[in-house]
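The values are calculated or read from the model by the stated rules, or taken from the named source; none is laboratory data. Please read these numbers as outputs of a predicted model, since none were measured by experiment. Methodologically, a virtual Cβ is constructed for each residue, glycine included, from the backbone with ideal geometry; neighbour enumeration extends over all protein chains shown. Keep in mind that these areas ignore ligands, DNA and RNA; they rest on the heavy atoms of the full protein, side chains included. Shrake-Rupley method; radii C 1.70, N 1.55, O 1.52, S 1.80 Å.
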Amino acid sequence: MGARWRAEWREAPAHPAGARLRVVRRWLGRGGWSCEPLKKLLRRDGRQVPTDGRGGTVPGAAQRGIPAADGKGASRCMAAYRLRGVRGSAASTDPNGTAGIIEAAIQGSKLRDGLKLDEIKASLVRRFQSTLVIAEHNNETLTPITLNTITAAKRLGGEVSCLVAGTSCDKVAEEVSKVQGVAKVLVAQHDMYKGFLAEELTPLIVETHKKCNYTHICAGASAFGKNLMPRVAGKLDVAPVSDIIEIKSPDTFVRTIYAGNILCTVQCEEAIKIFTVRGTSFEAAPTSGGSASIEKLTPPPPVGLSEWIEQQLTKSDRPELTSAKVVVSGGRGLKSGENFKLLYDLADQLHAAVGASRAAVDAGFVPNDLQVGQTGKIVAPELYIAVGISGAIQHLAGMKDSKTIVAINKDPEAPIFQVADYGLVADLFQAVPEMTEILKKK
Ligand SMILES: Cc1cc2nc3c(=O)[nH]c(=O)nc-3n(C[C@H](O)[C@H](O)[C@H](O)COP(=O)(O)OP(=O)(O)OC[C@H]3O[C@@H](n4cnc5c(N)ncnc54)[C@H](O)[C@@H]3O)c2cc1C
């Protein structure tokens, strides 16, 4: 009989069945290993514990949400047993990725010899990832931040699916299916998704997760994502991680705190990682070259907690603030709303979006959708021109990742000059019209 030994796998990879398992396994001759923690979790969630028809539990099947005792589940079970038993003899394959598990099992045999433990663990963790990205759109086109979120999702490794929910959003689903890195597009269409209310979208996301057992669910850190994801996390009873700027590993993220002054590395031990992504920190995924499958979902019944009445959107021919390549922002130094015309004239010459500091918004110079900063929009354009803005940390939190920063301020001590690549100490009422005139002549 083979040697009796206790497996050394102290920390199981994030488990697709929805739990971080601390696997307690005892390999006792021909005996099995304990999957009590998994069973407990499944029972806690009111789910069936799949069996292999011979009285054994089928962890491989459970991972994939496969009903009990369907022959496939059992073959996956064998692979999973062998993986966990760290034996190199697995021979079964199936169309849904068990090959990967088997390969891992074979690699796993090296584990006993203490070889490349971390590499093997990391590769296993990556194999088991599956991420759901919640697409933001207006039923016509995809909002750019979704493309940045897809890039973040790809960094996790594993399969990326995208949920497109709306009233009539086939066009958007088509658009997403072409995005590189997306494997599957899930589409749910119903009148209740008018206005993209978090109360209605949450049950759809929770239901979709129950079917597919995602390890990660994410959306962009826009008003849409910030409104939706905490609710989803609440319903799934996990703590979300907000506004991440870097992914170190599938469970470790970097986010900013104290208005961007401190970078905080967060290790998330939740079974399902729910997070929002800062769009400016990840490149946009290419919008062509992908060929994802499109699957229609049946929406759950409406919740009816809230009702969408109407939205009044500012119409502008200018580029959208968060995705513009050039942004010209004005602060309290402009002194009035009328004086913002100086900035609009300059922005026209540069094909730029116009932004503002909170002081300018609070003073009523411009509407609040122009606000850049900690409590406004986060921008990272190629060129950011700050005019009559002092450079308070709350403003810097929204623009300091811009590639080139130009500041115009009459006070040489203004803190904005500390982050500026080019600074002009001048009266803005003289400098800005001069710049506009020079640009007009070009
Ligand atoms: C919780 C919290 C959240 C916040 N969130 C944000 C946020 O999201 N975004 C944000 O911007 N702020 C935010 N603030 C406010 C922030 O602290 C500052 O009060 C604000 O950014 C100041 O705006 P400002 O630079 O336009 O005004 P000021 O600080 O008053 O600066 C005006 C500048 O204009 C210059 N100036 C005046 N006249 C001229 C002239 N003729 N020519 C050239 N320069 C001139 C002055 O030298 C001065 O530097 C927040 C504050 C708090 C507490």
- What is the packing order of peptides 400-407, 259-266, 302-309, taking the mean over residues of other C-beta atoms within 10 Å and listing the highest first? 400-407, 259-266, 302-309
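Give the Kirkwood hydrodynamic radius (Å, one decimal) of segment 247-292, defined as one over the mean of 1/r across all pairs of different Cα atoms.
One decimal place: 12.9 Å for the Kirkwood radius.
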- How long is segment 130-296 along each principal axis, judged by its Cα atoms, biggest number first, in Å? 42, 33, 28
- Going residue by residue through segment 264-281, the Karplus relation 6.51 cos²θ - 1.76 cosθ + 1.60 with θ = phi - 60° gives ³J(HN,Hα) values, rounded to whole Hz and with x marking Gly or Pro, of 10, 9, 10, 9, 9, 9, 5, 5, 10, 8, 10, 8, 10, 10, 6, x, 6, 8
- Taking alpha-carbon centroids only, segment 409-435 lies from segment 127-151 a number of Å equal to 39
- Message: Place a point 7 Å from Cα of Glu434 in the direction of its Cβ. Which residues in segment 346-367 have their backbone N less than 20 Å from it?
- Response: 346-350
- Beta bridges by DSSP in segment 130-296, antiparallel share as percent, to the nearest 5: 30
- Calculated FRET efficiency for the pair Lys441/Lys235, C-beta based, R₀ 41 Å, to 0.05: 0.10
- Note on the structure: Other residues with Cβ under 13 Å from the Cβ of Leu228 give, with Lys and Arg +1 and Asp and Glu -1, a net charge of 0
- Task: Output ³J(HN,Hα) for segment 133-148: one whole-Hz value per residue in order, computed from phi by the Karplus curve 6.51 cos²θ - 1.76 cosθ + 1.60 with θ = phi - 60°, and x for Gly and Pro.
- Result: 9, 8, 6, 9, 6, 10, 6, 10, 9, 7, 6, x, 4, 5, 5, 5
- Query: Tell me, what % of the accessible area of segment 321-441 is carbon and sulfur with a 1.4 angstrom probe?
  - Reply: 51
- Item | Rg/Rh (Cα only; Kirkwood hydrodynamic radius) as it applies to segment 183-268 | 1.00
- Query: Ratio of segment 349-442's C-alpha Rg to 2.2 N^0.38 Å, to two decimals?
  - Reply: 1.04
- So, in nm, how far is label Glu140 from label Val303 when the simple model puts each one 7 Å beyond its Cα toward the Cβ? 2.8
- HN-Hα J in Hz across segment 169-175 - Karplus 6.51, -1.76, 1.60, θ = phi - 60°, x for Gly and Pro: 10, 4, 4, 5, 4, 4, 4
- Protection proxy (average C-beta count within 10 Å per residue), highest first, orders 387-394, 331-338, 288-295 as 387-394, 331-338, 288-295
- Item | Loop-resident sites, segment 230-285, for chymotrypsin sites (Phe, Trp or Tyr not before Pro), counting at most 16 other Cβ within 10 Å (DSSP) | Tyr258
- Query: Between Lys194 and Glu246, what length comes free when the chain is fully extended (0.36 nm per residue of separation minus the Cα-Cα distance, one decimal in nm)?
  - Reply: 15.5 nm
- Once amide H atoms are placed 1.01 Å from N in the peptide plane, what residues at a sequence separation of 5 or more from Ile274, or on another chain, have their amide H within under 5 Å of its amide H? Ile217, Val241
- Query: Summing Lys, Arg as +1 and Asp, Glu as -1, what charge do residues with Cβ under 15 Å from the Cβ of Phe417 carry, Phe417 excluded?
  - Reply: -1
